[in-house]
Amino acid sequence: MNATPQSIATRPGAAISDAQFKTLSEIAFSEAGLMISDSKRQMIQSRITRHLRDIRCDDLEHYLREIQSDKDGNLTRDLISVLTTNVSSFFRERHHFDMLRDDVLPGLVKRARSGHKIRIWSAGCSSGQEPYSIAMLLLNCLPDIQNLDFKVLGTDIDRKILDRAHRASYSPDEMASLPSEMSRKYLISTQDPKAPYEISGVVRNMVTLRPLNLLRPWPMKSTFDAIFCRNVLIYFDAETQNDLWPRFHAALGDQGTLFLGHSERIQSPEKVGFSPCGVTTYTKQNLGKVRPEP
């Protein structure tokens, strides 16, 4: 995309106008549910400037017109990737993993040993640390897991960050939060000085990674025993969040567990079929059994 320069106000590095920022915000909201406040204008300015330089486009106005007429969706997906904040770490918010191990897993193991398949979904998995952390925990707790049907699904709207998750190689800083026991068991060395550690095959084989926009239809046919959707919903407005609660409820099996991020809450969870069971953690309840308000 190599446009002819227009005015100085549209070239990379120039301040984004109010109209341009509004257009970017509207695209982010309509395509991915992302709420971009004016306080993030400087961050968006920096990211867009870098992106235009990378794709060799010298006119923001031209780029926005291309996005708005994007028929195959590739340009729009790339823009969403630019606007999305991807922050993750291994065993982030450790209390959730402790709860998964101590409170949720025993029941799942019992079901698995009786022949049921167990499925856990990491929604908004970023560069893979969350689903790989879940897989490591399962492997660590269940020496015979190869005889059981446990699988982890990781999804994210950002295909570029999913490519990183597929590579499963990380820098020393990214590995800093991984417990030493897990490092010894589940890491292998690489020849890449920038990402000298790679997740071992036994962990990666438990995880399936797929692109998914939470605002679009979900193609999964079976339900999940646990869903991690953490630090994703904070980018959505209240209406979008409220639209998602029934969908998460339907995607969970009986007594399934929903894990949210540290600043995320379901307002009046009983109204949408959930019961709090821990810090930003909810258990699915049968809506038919939810007692109506007087």
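The values are calculated or read from the model by the stated rules, or taken from the named source; none is laboratory data. Everything numeric in this text was worked out from a predicted model, so none of it was measured. Positions of Cβ are generated from backbone atoms using ideal geometry, with glycine treated the same way; all protein chains shown enter the neighbour counts. Surface accessibility is based on the protein's heavy atoms, side chains included, excluding ligands, DNA and RNA. Shrake-Rupley method; radii C 1.70, N 1.55, O 1.52, S 1.80 Å.
If you roll a 1.4 Å probe over the heavy atoms of the protein chains, what accessible area per residue do you get for segment 103-191, in Å²?
Value returned for segment 103-191: 46 Å² of accessible area per residue.
So if the hydrodynamic radius of segment 208-294 is defined as the Kirkwood radius over C-alpha pairs, what does Stokes-Einstein give as its diffusion coefficient at 37 °C and 0.692 mPa s, in µm² per second?
243 µm²/s
Calculate for the chain the 222 nm mean residue ellipticity that helices alone would give, adding -39,500 (n - 2.57) per DSSP H run of length 4 or more and normalising by residue count, nearest 500 deg cm²/dmol.
About -11000 deg cm²/dmol.
Among bridges DSSP assigns within the chain, what percent are antiparallel (round to 5)?
Roughly 40 percent of the beta bridges in the chain run antiparallel, per DSSP.
Pull up the cross-link candidates among the lysines for Lys271, meaning alpha carbon to alpha carbon under 26 Å and not fewer than 8 places away within one chain.
Of all the lysines, those that pass the test against Lys271 - Cα under 26 Å, at least 8 places apart if same chain - are Lys221, Lys284, Lys289.
For segment 122-218, with equal point scatterers placed on the C-alpha atoms only and solvent neglected, what are the log10 I(q)/I(0) values from the Debye formula at q = 0.13, 0.15, 0.18, 0.22 1/Å, to two decimals?
-0.45, -0.59, -0.83, -1.14
Expressed as a whole percentage, what fraction of the accessible surface of the chain belongs to carbon and sulfur atoms when a 1.4 Å probe is rolled over the protein heavy atoms?
After summing per-atom areas, the C and S share lands at 49 percent.
Could you pull out every residue, at least 5 positions away or on a different chain, whose amide H is within less than 5 Å of the one on Phe228? Hs are placed 1.01 Å off N in the peptide plane, and Pro or chain starts have none.
Sorted by chain and number, the residues that satisfy this are Trp121, Ser122, Ala123, Phe259.
What is the distance in Å between the Cα centroid of segment 149-209 and that of segment 236-254?
28 Å
Normalising by the residue count of the chain, find the relative contact order in percent from Cα pairs under 8 Å and 6+ residues apart.
The value is 16 percent.
What's the long-distance tail for the chain, i.e. % of Cα pairs beyond 29 Å?
I get 42 percent for the Cα pairs in the chain exceeding 29 Å.
Excluding residues on the same chain fewer than 8 positions from Lys110, give the lysines whose Cα lies under 18 Å from its Cα.
List returned: Lys151.
Kindly provide the Kirkwood hydrodynamic radius of segment 1-153 in Å, to one decimal, from all pairs of distinct alpha carbon atoms.
Evaluated on segment 1-153, it is 18.7 Å.
With +1 on each Lys and Arg Cβ and -1 on each Asp and Glu Cβ, and nothing else charged, work out how big the dipole of the chain is about its Cα centre, in Debye to the nearest 20.
660 debye
Taking a quarter of the surface of the Cα convex hull of segment 28-112, what do you get in nm²?
The directionally averaged projection comes out at 9.3 nm².
Relative to the longest principal axis of the C-alpha atoms of the chain, give the angle of the C-alpha long axis of helix 18-32, reported between 0 and 90° and rounded to the nearest 10°.
30 degrees
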